[in-house]
Amino acid sequence: MSYKILTAEFMHESNTFSRIETDQQAFRNGYILHADDAIAERGEHNTELAGFLDIGRKYDWQIDHVLSAGAGPSGKVTAAAFDCLAGPIIAAAKANHYDGILLGLHGAMVTDFYDDGEGELLQRLRKVTGDEIPIAITLDLHANVSRKMCALADIIVSFKTYPHVDMRATANHAGEILQRRLAGEINPCTVRVGCPMLEEVNGARTDSGPMIDWIRAARKWEQRDDAFAVSINAGFASADIAEVGPTVLVTGEGDIDAHRAFASSLAADIWKHRYTVLNDYLEVDEAASIAATFTSSKGPLIIADYADNPGAGSYGDATNLLRAMLDAGITDACFGPMVDGDTVQQLLQHASGERVAISLGGKVDPAFGGGPLDLQVELVSLSEGHYVGGGAMIGGLQRSFGPTAVVLVNGIEVLITTLAQQLLDLQQFRCFGIDPASKRVVALKSMQHFRAAFEPIADRVIVCDSGALCTPDYKQLEYHRVARPVFPLDAEFDGPTLPLPV
C-alpha cells in the first residue's frame, strides 16, 4: 500500500541570551526552500530531507514536501517568522488528507511568544489533523525536549553523533518506524526522562568519554522487539527556559515501565558523570602562548574558541583570542570567522593589496569576548561569500557568509564575514584562498563540529574560552526561567531524588 506523507524541515537553535532576534530575514540568510526547490538543493546530501526521500522511494510513498527552512543559531524566533514558516505546513495538513507526517526539527527553538517552538508547531498540527494521524520527528542531539513534544509526536529520533554526521541516517531511522506504524505493525509512544542539569557536561561528545557507552547501551535496548528508538539528548544550555537540559527518550510500546526505568538509568548516569569534563578550556593568553612556540611537520595546531561559536548563537565577533595571538607575535596562521559586516563594507571601498586602518569586531556586545581591535591590515581579497561544503557535515550544500573579506595582519590571515556561521568545513577557508592545512596555526570559532573536518589535518587540537556569549562558564549568564535547583548553577545541589522524574 502506498501512503501519502507530508514532510517538512523547520529548524532553529535559539540562544535566548542573544541580542539578535531571529526574524524572517535571518531565515532567508540561512535557507527557505519550498517543495521541489528544497528537494533539488537538499535531497541528495546529508540532510533529513534526503533521508525522508530514501524511505519514500523504498516504500513507494507519495511525499508532499512543503518546505525546508533554517536559520543560524541566534536569539528568539519572532512570531512573524514562526507564522511565516509554520503556516504553510499547517495549511497543507489542513487542506489534504495525509496518512502520516514526518518533520525534521531541531528541538531547541524558542519563540518570542512561547518557550517551546517545536511543541507549538506540533500543537497547531494536531488541531487540524486530530490524534489519529501519526507524526514522526527527528531532532538535533542538542534538543531541549519538552513534555509537550513527547505527548504530541508519536515517534522521536535524535542524532546519535557529535559532530553531527548522521542527519540522513536519523531520518531513515524515523521513516522506518513511521512505515511500521502506518502498516499497523506497531503503535509507538515516547517516554521521556529529564535530568536537572543545564546540559550534559560535554555537550554529549560522541567521539570520546561516557557518551560512547551510553550510545552503546541505547543501541542494545533498541534490539528489543518493543523498543524502536532511544535518543540521548544533551540539551542546549544557552536557552533560559524551564524545560532545559539533558533528556533520554525511548520510542516504543509494550512494557512502558521497563522503557522508563532504562531511560532513568541512563539519565542517572549522565548526572553521575557531571564532573567528567573532557575539555580543558584554556584562557586565550594560554592558548596563544602554546601557539607561539608550536612547531610540527605533521599538521597545524588547531585552536577552537568554544565561547564565540556562532553555531550556538554567539555573535562571532569576539576579539579576545585574535588580540592574544597578535600580542604573542604568532605568524603563519589563519583565523575565522570574524563576523563584522560593517568592516566588510568599509573594505569593499578598497582594492586588494591596499593597506587599510580598520576597527575589527567586538561591536555587538563588547562585554562578551572583547571590544574592537584597531588594526592596520593588508586587504587580500573580497568576495560575495558563497561556498559549497566539502566535508561530512555539509558536503555538497551551498552556503554563504554574505559579503566577505580576507585581510592579512602581522602574519595572520583573517576571514571577515557578514553572516555568522561556525567553522566546521575546510571549504569555509579554502573557497576564500586560505589553505588551513598549510598553516602552522589555525584559529577558528566552533565547539565540537570542527573536529570532523579539522582533526584529520591537525597535529594537535586545543580549546579555549574567550569569554564570549557561549562561554562554558554558565555562571556568567543571568538565568531567570530555568527550574531550580539545577547543575551547575546551584553548588549546594546534591542531586535529584531517584527515580528521575519524567
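Every read-out reported here was derived from the displayed coordinates using simple, explicitly stated rules and does not represent laboratory data. What you are looking at is a predicted structure, and each value in this text was computed from that prediction instead of being measured. Virtual Cβ from ideal backbone geometry, glycine too; neighbours counted across all protein chains shown.
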**Request:** Identify the trypsin sites (Lys or Arg not before Pro) of the range 153-262 meeting these criteria: DSSP loop state and at most 16 other C-beta atoms within 10 Å of the C-beta.
**Result:** ARG224
**Request:** Quote to one decimal, in nm, the extra length available between ARG355 and HIS34 on full extension: 0.36 nm per residue of separation minus the C-alpha distance between them.
**Result:** 111.2 nm
**Item:** Ordering of 362-368, 251-257, 99-105 by burial proxy (mean other Cβ atoms within 10 Å per residue, highest first)
**Value:** 99-105, 362-368, 251-257
**Asked** How large is Rg over Rh for the range 348-396, taking Rg from the Cα atoms and Rh as the Kirkwood inverse mean of 1/r across Cα pairs?
**Response** 1.13
**Prompt:** Karplus couplings for the range 379-385 from phi (6.51 cos²θ - 1.76 cosθ + 1.60, θ = phi - 60°), rounded to Hz, Gly and Pro as x?
**Reply:** 6, 8, 7, 10, 7, 7, x
**Request:** Would you compute, from DSSP H runs of 4+ residues alone, the mean residue ellipticity of the chain at 222 nm, taking -39500 (n - 2.57) per run and dividing by the full residue count, rounded to the nearest 500?
**Result:** -8000 deg cm²/dmol
**Fill in**
In order over the range 46-55: 3J(HN,Hα) from phi, Karplus 6.51/-1.76/1.60, θ = phi - 60°, whole Hz, x for each Gly or Pro, gives 7, 10, 4, 4, 4, x, 4, 5, 4, 5
**Fill in**
Exposure proxy check on HIS173, HIS273: fewest-to-most Cβ neighbours within 10 Å is HIS273, HIS173
**Message:** So if each residue of separation counts as 0.36 nm, and I subtract the Cα-Cα distance between SER208 and ASP83, what length gain in nm does that give?
**Reply:** 41.0 nm
**Request:** Quick one: divide the alpha-carbon radius of gyration of the range 173-283 by 2.2 N^0.38 Å and tell me what you get.
**Result:** 1.16
**Request:** Net charge near ALA307: determine it from the other residues with C-beta under 9 Å of the C-beta of ALA307, scoring Lys and Arg +1 and Asp and Glu -1.
**Result:** -3
**Request:** Counting other Cβ atoms within 10 Å, keep those with at most 12, restrict to DSSP loop, and tell me which GluC sites (Glu not before Pro) in the range 373-461 are left.
**Result:** GLU384
**Request:** Calculate how large, on average over all directions, the projected area of the Cα convex hull of the range 451-493 is; give the answer in nm² to one decimal.
**Result:** 4.9 nm²
**Message:** Please compute the Kirkwood hydrodynamic radius of the range 4-272 from all pairs of different C-alpha atoms, in Å with one decimal.
**Reply:** 18.3 Å
**Request:** Take the alpha-carbon centre of the range 175-192, take the same for the range 434-502, and report the distance between them in whole Å.
**Result:** 35 Å
**Item:** the range 366-502 - Kirkwood radius from inverse mean 1/r over Cα pairs (Å)
**Value:** 18.0 Å
**Prompt:** Three principal axis extents, largest first, for the C-alpha atoms of the range 236-354, in Å?
**Reply:** 70, 36, 25
**Whole-Hz couplings from phi, Karplus 6.51/-1.76/1.60, listed for the range 289-306; x for Gly and Pro** = 5, 4, 5, 5, 10, 6, 9, 6, 9, 9, x, x, 7, 9, 10, 9, 8, 5
**Item:** Translational diffusion coefficient (Stokes-Einstein; Kirkwood radius from C-alpha pairs) of the range 7-97 at 10 °C, 1.306 mPa s, in µm²/s
**Value:** 114 µm²/s
**Message:** Give the separation of the Cα centroids, the range 271-321 to the range 90-157, in Å.
**Reply:** 36 Å
**Complete:** On the formula 1/(1 + (r/R0)^6), with r taken between the Cβ atoms of LYS127 and MET1 and R0 of 35 Å, the FRET efficiency rounded to 0.05 is 0.80
**Request:** Mind listing the long-range amide H neighbours of LEU469? Cut-off is under 5 Å, sequence gap 5 or more, other chains count too, H placed in the peptide plane at 1.01 Å from N.
**Result:** TYR315
**Item:** Model label zone, ALA483; criterion: amide N under 20 Å from point 7 Å along Cα-to-beta-carbon; scope the range 237-258
**Value:** 237-251, 257
**Complete:** Rounded to whole angstroms and listed largest first, the alpha-carbon spread of the range 281-471 along its three principal axes comes to 39, 37, 31
**Asked** Exactly which trypsin sites (Lys or Arg not before Pro) in the range 261-330 are in a DSSP loop and have at most 13 other Cβ atoms within 10 Å?
**Response** LYS298
**Message:** Stokes-Einstein diffusion coefficient for the range 287-370 at 37 °C in a medium of 0.692 mPa s, Rh from the Kirkwood formula over Cα pairs: what value in µm²/s?
**Reply:** 228 µm²/s
**Asked** How long is the gain from ARG274 to ALA95 if the chain were fully straight, where each residue apart is worth 0.36 nm and the alpha carbon distance is subtracted?
**Response** 59.7 nm
**Descending Cα extents along the principal axes, the chain, whole Å** = 68, 52, 43
**Asked** According to a simple spin-label model (label point 7 Å from Cα along Cα-to-Cβ), what is the distance in nm between ASP435 and ALA258?
**Response** 5.8 nm
**Message:** Let me check I've understood the local charge: for GLU41, count other residues with C-beta under 12 angstrom from its C-beta, Lys and Arg +1, Asp and Glu -1. What total comes out?
**Reply:** -2
